[in-house]
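Please read the structure below before turning to the comments.
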Amino acid sequence: MNFGWKFHAGDIVGAESSDYDDSGWNIINIPHDFQISQPWIAPDANEKSDNSDAASNVKSRLSSRGFKEMGIGWYRKSITPDATWKGKRVVLDFEGIMLVGDVYMNGKRIGGTDYGYVGFDIDISKMIRYGETNVIAVKANTQKPENSRWYTGGGLFRDVNIIITDAQQYFTRHSLYITTPEVSEDRAKVKIQVEMVCFLKVKDLKVNIHISSPNGETIYEKENIIPFSRGQKINEYVLDSIYIDNPKLWSCDSPNLYKAVISFIRPDGSVADVVSEYFGIRSIEYSPEFGFKLNGKKVILKGIANHHSLGALGAAAYPKAMEKRIQLLKSYGFNHVRTSHNPYSKSFLGLCDKYGILVVDELYDKWLTQFAGGRTEWVNLWQQDIPEFIRRDRNHPSVIMWSLGNELQTYWNLPFADWGVTPYRMQRESLHRYDTTRPITVAMHPRGRNQKTDSLPAPLVHETDIASYNYRYMYFPGDGRRFPNMIFYQSEANTAMMGPNYYEMDLNKVVGLAYWGMIDYLGESNG
């Protein structure tokens, strides 16, 4: 539902109302960044750097946010529902609203987001008025300048979809989970799980599985009969474990993609709902002895850490622009992106799958309310953000590591006042509910903590599966001798020292590195 929205820059009283006159508004398409077209705001002569927190990157009022004024943008779209939708389940799906957002339908608030980098959906089945025009309005707010350390853009910067399914039996949001627990060049095991909802009084559920090879040929098709537990309306099922002979493995050089199409069959044999995903057959391994292996072969991550925006194009997630960037990185020999410091778009990860880019997928910057939307406490966010983040991204073969945050262990006053150890443990348990196939890390300055000694790494380093150090690769040898089980990844590396901070690592043992920021971006200006 990306086309033909009406947009107005600035707040307007009553803009959510269905009878508001928006005839004078601009017509735009989504993805859209309303901030990029706003005028540049130069610093006032009396603006001083705020050095009370060096990590905030505030050199003048708008320096961190790209010298664009903060504000509100309104979007409106009128839809007339088709008569065939009656009795169906109708869902609005937002991939993100920057920086926080509220969604209205026919004048009533029906949902929103307090952290615009992750998506959400809203079931509007019972709200639709048939036989008349329905107005969807979205209020996007970039919040205060200090609510981000970089240029975020503003508005409906990612796709918006409308999803229509059967109301009695359907797949849940991000329902499909595909893993490859056994991988070799001769044979691979593919495990398929799916979460479904059924309100019918039936004994069995029928689900059809169709898998096609990278060249489009059908290699597996089967109808599964699953005993149905009516005690629970929502159930997660292991559909099948499929063995594929002589699989075409996914790698950086040969990013082969299979496709799974799962159909939920009604008792009368018709299709109630369909979900599909591309997936890759590949294995990943980590060890202090060799760092990282993909399909049993040593690979060093040679990558970039950058923000989600596209430089002068702004923060709108344009697939063609992202594809051009990835092709450029590949041509220079890069094989890796760390999504600092938030999830990128679904389309970006799809391109990484297509081109063989290895991704360290990151959820947050610091675990502080200030840098997580600023509208509600961070401790209220992660319980819903982690399931959305992991379930959305877990089928991408390009994603090889989860990162829950960045340079946060410096703050003793994080929740529970232990440099982030307890919040990490809580998030880790939630994450493992949705994926256990990848290690979990947090990027950090390893000595960044409020203690008198710098001889030992921060306590949080010992909680993570991978020791991710920003810039401090020179600590790898000493920390490795004292703690032989640590696996090292240079999550940020200085571009001014590109040679030393790569070649001075023990390349036989480390996972690799991500240069900051390698591609120019807006924000974080020196003033």
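The values are calculated or read from the model by the stated rules, or taken from the named source; none is laboratory data. These numbers were taken from a predicted model, which means no experiment stands behind them. Because the Cβ atoms are built from the backbone with ideal geometry, glycine has one as well, and the counts that use them run over all protein chains shown. Surface areas here come from the heavy atoms of the whole protein model, side chains and all, with no ligands, DNA or RNA. Shrake-Rupley method; radii C 1.70, N 1.55, O 1.52, S 1.80 Å.
Points to keep in mind about this one:
- Among the residues making up the range 344-370, those that are within 10 Å of Leu404 (Cα to Cα), under 15 Å from the mean Cα position of the chain (by Cα) and in a loop (DSSP other than H, G, I, E, B) are Leu363, Tyr364, Asp365.
- Of all residues in the range 84-96 being touching a Phe, Trp or Tyr at 6+ places or on another chain (Cβ under 7 Å) and not in a strand (DSSP E or B), the one that is farthest from Asp121 (Cα to Cα): Lys86
- Filtered residues of the range 27-70 (kept if out of contact with any Leu (no Cβ under 7 Å at 6 or more places or on another chain) and not in a loop (DSSP other than H, G, I, E, B)): Ile27, Ile28, Trp40, Ala54, Ala55, Ser56
- Conditions (1) assigned to a strand (DSSP E or B); (2) touching a helix residue (DSSP H, G or I) at 6+ places or on another chain (Cβ under 7 Å); number of the one not met by Val118: (1)
- Being in contact (Cβ under 8 Å) with a residue 12 or more places away in the chain, open to solvent by less than 20 Å² (accessible area, probe 1.4 Å), over 21 Å from Ala443 (Cβ atoms) and of a type in the set (A, V, I, L, M) is a condition met by no residue of the range 333-340.
- Selection from the range 384-421 of residues that are assigned to a helix (DSSP H, G or I) and at pLDDT 95 or above: Gln384, Asp385, Ile386, Pro387, Glu388, Phe389, Ile390, Arg391, Arg392, Asp393
- Residue among Gly153, Gly131 that alone is open to solvent by 10 Å² or more (accessible area, probe 1.4 Å), among the small types (Gly, Ala, Ser) and assigned to a loop (DSSP other than H, G, I, E, B): Gly131
- Any hit, the range 429-450, residues being basic (Lys, Arg), free of Cβ contacts under 8 Å to residues at least 40 places away in the same chain, open to solvent by 70 Å² or more (accessible area, probe 1.4 Å) and over 30 Å from Val183 (Cα atoms): no
- When Tyr515, Tyr469 are screened for being of a type in the set (Ser, Thr, Tyr), open to solvent by less than 20 Å² (accessible area, probe 1.4 Å), under 28 Å from Pro387 (Cα atoms) and assigned to a strand (DSSP E or B), only Tyr469 passes.
- Answer from Thr179, Thr165 - the residue that is farther than 19 Å from Ile28 by Cα, touching an Asp or Glu at 6+ places or on another chain (Cβ under 6 Å) and among the β-branched types (Val, Ile, Thr): Thr165
- Residues of the range 380-412 that are farther than 22 Å from Ala467 by Cα and either over 19 Å from the mean Cα position of the chain (by Cα) or among the polar types (S, T, N, Q) (or both): Asn380, Gln383, Gln384, Asn395.
- Of the residues making up the range 25-38, those that are open to solvent by 70 Å² or more (accessible area, probe 1.4 Å) and not polar (S, T, N, Q) number 1.
- Checking each residue in the range 6-15 for being in a strand (DSSP E or B) and either more than 22 Å from Leu92 (Cβ to Cβ) or touching a Leu at 6+ places or on another chain (Cβ under 7 Å) (or both) picks out only Ala9.
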